[in-house]
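To start, the structure under review is shown below, and the notes come after it.
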Amino acid sequence: MTYYHCTTDDLRQEIRRRGYIALSSHDVLAEWLQNDDEDRATEATTVANLSQPASSKVKRLRTAHGEVIAPSALIGEEVVYWTMNTFFPALQLFFKSGRSCTIDGGRLRDASVGLDPHLRFRLTDLTHEENGVVEHTVLPEKFRGPAPGIRIVAAEVAQRISIRVQPVMPTYIGCWTSLRPKAEILREMHQVVGLKLEGMQEMAYIWAKTDPSHHMAERLWGDVEVCGLRADIPRPLVTEPHHDAKSGARVEVVRKKSMIEKCRLPIKRCRRQDSVFGLSSLNLD
């Protein structure tokens, strides 16, 4: 997010919330916040995670991926493969039991699903597909084992409070208005899904976020939901890298960018030629 249009007081308050001392100019503070977002991701933008009680009822909604279920149904399953944001804003988990589930974040326009750093770090031990690119497991061959899988030991739905930068409409005072862009730092509540995998010390969350370039969007963070367990979706096999692929090898399986290459048109040279009227004209070769 871009913080340059926020006031200095808002920047200092946000930096103090993150546990740092704000002693610098406006531009330095804005650049520091932006760099902190890139370095720590959701650890920097998250204000709080409010866990919902286990007894809270799950809304039985029907989505394109199945019926919404309680995250507790995932406890005990072993993740062996996962895909994210290839065709839909969703995280799809494939389990050793042959079943799969989809964590959907498509309720927000132009959204994409993301993972907290600790959860992403743990899941990179598995071969997975993200944004149309298959990444081979980063584990060396001697640590992979015959059937690698990561067991889910806890799961929950929570409400997260995250910050966002919201542009402020200019204020008109008679015939005069300030043309300088202004923005403020707001807090937004959105639903996230938490997973604690084998080998993790604490819960980490799955979230949805729209493109920050949509400045006037009503929401920046979206809600995610766990869709029903299904046994009719086989685990993708043809998309995996070759067996002799090195750790961390990447294979592009879906091209999401334009396949039309830019062609350069020949530039026609201009040649000056005198006309019969004594005036100058331009002819194209």
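The values are calculated or read from the model by the stated rules, or taken from the named source; none is laboratory data. Being a predicted model, the structure only gives us computed values, none of them experimental. No Cβ is skipped: glycine too gets one built from the backbone with ideal geometry, and neighbour counts run over all protein chains shown. To get the accessible areas, we keep the full protein, side chains included, count just its heavy atoms, and leave off ligands, DNA and RNA. Shrake-Rupley method; radii C 1.70, N 1.55, O 1.52, S 1.80 Å.
Write out, first by first residue and then by second, each pair whose Cβ atoms fall under 8 Å of each other, whose residues are 6+ apart or on separate chains, and whose first residue, in segment 27-49, is farther than 17 Å from Y4 by Cα while the second is β-branched (V, I, T) and surrounded by 13 or more Cβ atoms within 10 Å (Cβ to Cβ).
T46/I161; V47/I161; V47/I163; A48/I161; N49/I161; N49/V192
For segment 197-213, enumerate the residues that are open to solvent by 40 Å² or more (accessible area, probe 1.4 Å), of a type in the set (G, A, S) and either farther than 20 Å from V79 by Cβ or part of a strand (DSSP E or B) (or both).
S213
Looking at (1) closer than 16 Å to W207 by Cβ; (2) in contact (Cβ under 8 Å) with a residue 40 or more places away in the chain; (3) part of a loop (DSSP other than H, G, I, E, B), find the lone condition where F88 falls short.
(2)
Condition check: under 24 Å from E67 (Cβ atoms) and either modelled with pLDDT of 95 or more or open to solvent by 60 Å² or more (accessible area, probe 1.4 Å) (or both). Does V113 satisfy that?
Spelling it out, V113 is indeed under 24 Å from E67 (Cβ atoms) and either modelled with pLDDT of 95 or more or open to solvent by 60 Å² or more (accessible area, probe 1.4 Å) (or both).
Step by step: first the residues of segment 214-231, then only those that are small (G, A, S) and open to solvent by 20 Å² or more (accessible area, probe 1.4 Å), then the one that is modelled with the highest pLDDT. Which residue is that?
A231
How many of the residues in segment 7-24 are open to solvent by less than 40 Å² (accessible area, probe 1.4 Å) and touching a Leu at 6+ places or on another chain (Cβ under 7 Å)? Break it down into steps so the answer makes sense when it comes.
Within segment 7-24, the subset open to solvent by less than 40 Å² (accessible area, probe 1.4 Å) is 11, 14-15, 18, 22.
Going one step further and asking which of them are touching a Leu at 6+ places or on another chain (Cβ under 7 Å), we end up with 11, 14-15, 22.
Number satisfying all stated conditions: 4.
Need at least 2 residues that are modelled with pLDDT of 90 or more and over 25 Å from the mean Cα position of the chain (by Cα) per element, so show me which helices (runs of 4 or more DSSP H) inside segment 1-66 make the cut, counting only ones lying wholly within it.
Fully inside segment 1-66 and qualifying: 8-17, 26-40.
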